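Single-structure report; data block below.
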Amino acid sequence: MIDIVHAVLFTFLAVIAIAIIRLRDLFAAVMLMGIFSLLSASLFTVMDAVDVAFTEAAVGAGVSTILMLATLSLTRSRESTRFARPQPMALLAVVLTGAALIFATFDMPRYGDPAAPIHHHVADDYIDRTDDEVGVPNLVTAVLASFRGYDTWGETTVIFTACVGVMMLLGGARTFYRWRRREDEDSEGEGKSL
Amino acid sequence: MIRHVILRVLSKLLIPLIMLFALYVQFHGDYGPGGGFQAGVIFGAAIILYALMFGLEAAKRVFPPRVLEFFVALGVLLYGGVGIDAILLGGNFLEYDVLAHDPVHGQHLGILLVELGVGITVASVMASLFFLFAGRGRSDV
């Protein structure tokens, strides 16, 4: 039963990905990307990764769609088609990379295999120690905030730095006020000289 | 200002609930799915919904960009402050065990504060980004 759900969700993901590539209307592409994120979130839920699904639904389907639409309102909503001719070299590179990646998956452990190396590196240690040392029922929170506190600290500073970067580029509150004050002063100066 | 009455009334009903849900996700993250990042995004989404429905200028009066800028830094400072506090109390950076008399209580307190810092930063970053993008190319905001 669960295999059928997986198959249906993955098929939808593939269909939507192809549709996004084929579309030239960016507005429709943004909407389809939102649906893509929502489907990924459902897939994560089916795979019992609820915290990841939560993030994907909130960020991928929610906020990033809105930010994309806000960006689209500043530009044209049709993709310019500069590369109308087929590019054989590009196609070859993509096919070779894809084939190499698929070839590499043959060596990977089966999905959900309890003997997979990823489940025996540090995970056992975290599962053993969470109850006694952290005492938080949600293991994901214990790993993110306590065992891996440095990583989450890094992620928070990345978000902070990204915001500072956007503020520098698009003009945060302070630059805006300073710019408006300068405009006002300039216009006053002109009035006096006249 | 958008004139769609149904959307505006519905969003008036929804925005407080979305904010309350964000707080639930924030402080219930120790017990259920969720945590600071998800809660921050949901709270940011509530602010964005307000801006979409009632206009950018009204949203900027409720959540002034300068205050949001302050909160962007405050969350990171709170996270780093917990780490520095642990050093001052004789532990390593972000070692929550020393924060309270009992190591497990210290862990609880540390995780709560750290997640709160993440939530504050993420919520204000999301709202700031939307304000910056949406306010671009307009002279009236």
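The values are calculated or read from the model by the stated rules, or taken from the named source; none is laboratory data. Since this is a predicted model, take the numbers as computed values, not measurements. So basically every Cβ, Gly included, is an ideal-geometry build from the backbone, and we count neighbours across all protein chains shown.
Number of residues in the range B:91-141 that are small (Gly, Ala, Ser), farther than 21 Å from residue A:164 by Cα and not in a helix (DSSP H, G or I): the value is 3. The residues in the range A:48-73 that are over 10 Å from the mean Cα position of the chain (by Cα), buried (at least 18 other Cβ atoms within 10 Å of the Cβ) and hydroxyl-bearing (Ser, Thr, Tyr) can be counted, and the count is 1.
Restricted to helices (runs of 4 or more DSSP H) entirely inside the range A:75-181, those with at least 2 residues that are modelled with pLDDT of 85 or more, away from every other protein chain (no Cβ under 11 Å) and surrounded by 11 or more Cβ atoms within 10 Å (Cβ to Cβ) are A:88-105, A:123-129. Would you be able to say whether some residue in the range A:10-22 is in contact with a Gly (Cβ under 6 Å, 6 or more places away or on another chain) and of a type in the set (Gly, Ala, Ser)? The answer is no, given that none of the residues of the range A:10-22 is in contact with a Gly (Cβ under 6 Å, 6 or more places away or on another chain) and of a type in the set (Gly, Ala, Ser). Kindly establish whether residue B:16 is surrounded by fewer than 18 Cβ atoms within 10 Å (Cβ to Cβ) and either over 18 Å from residue B:121 (Cα atoms) or under 16 Å from the mean Cα position of the chain (by Cα) (or both). Yes: the conditions hold for residue B:16. Where residues in the range B:118-133 are under 20 Å from residue A:153 (Cβ atoms) and at the interface with chain A (Cβ under 7 Å from one of its Cβ atoms), which of them is surrounded by the fewest Cβ atoms within 10 Å (Cβ to Cβ)? Going through the qualifying residues, I end up with B:125.
Quick one: is residue B:90 surrounded by fewer than 14 Cβ atoms within 10 Å (Cβ to Cβ), of a type outside the set (Lys, Arg) and at pLDDT below 95? In short, yes.
This table checks each residue for (1) within 22 Å of residue A:69 (Cβ to Cβ); (2) in contact with a Ser or Thr (Cβ under 6 Å, 6 or more places away or on another chain); (3) surrounded by 13 or more Cβ atoms within 10 Å (Cβ to Cβ); (4) facing chain A (nearest Cβ under 10 Å).
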{"site": "B:24", "(1), (2), (3), (4)": "no, no, yes, no"}
{"site": "B:45", "(1), (2), (3), (4)": "yes, no, yes, yes"}
{"site": "B:48", "(1), (2), (3), (4)": "yes, no, yes, yes"}
{"site": "B:59", "(1), (2), (3), (4)": "yes, no, yes, no"}
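Evaluate the following for residue B:67: is it more than 11 Å from chain A (Cβ to nearest Cβ) and under 19 Å from the mean Cα position of the chain (by Cα)?
no
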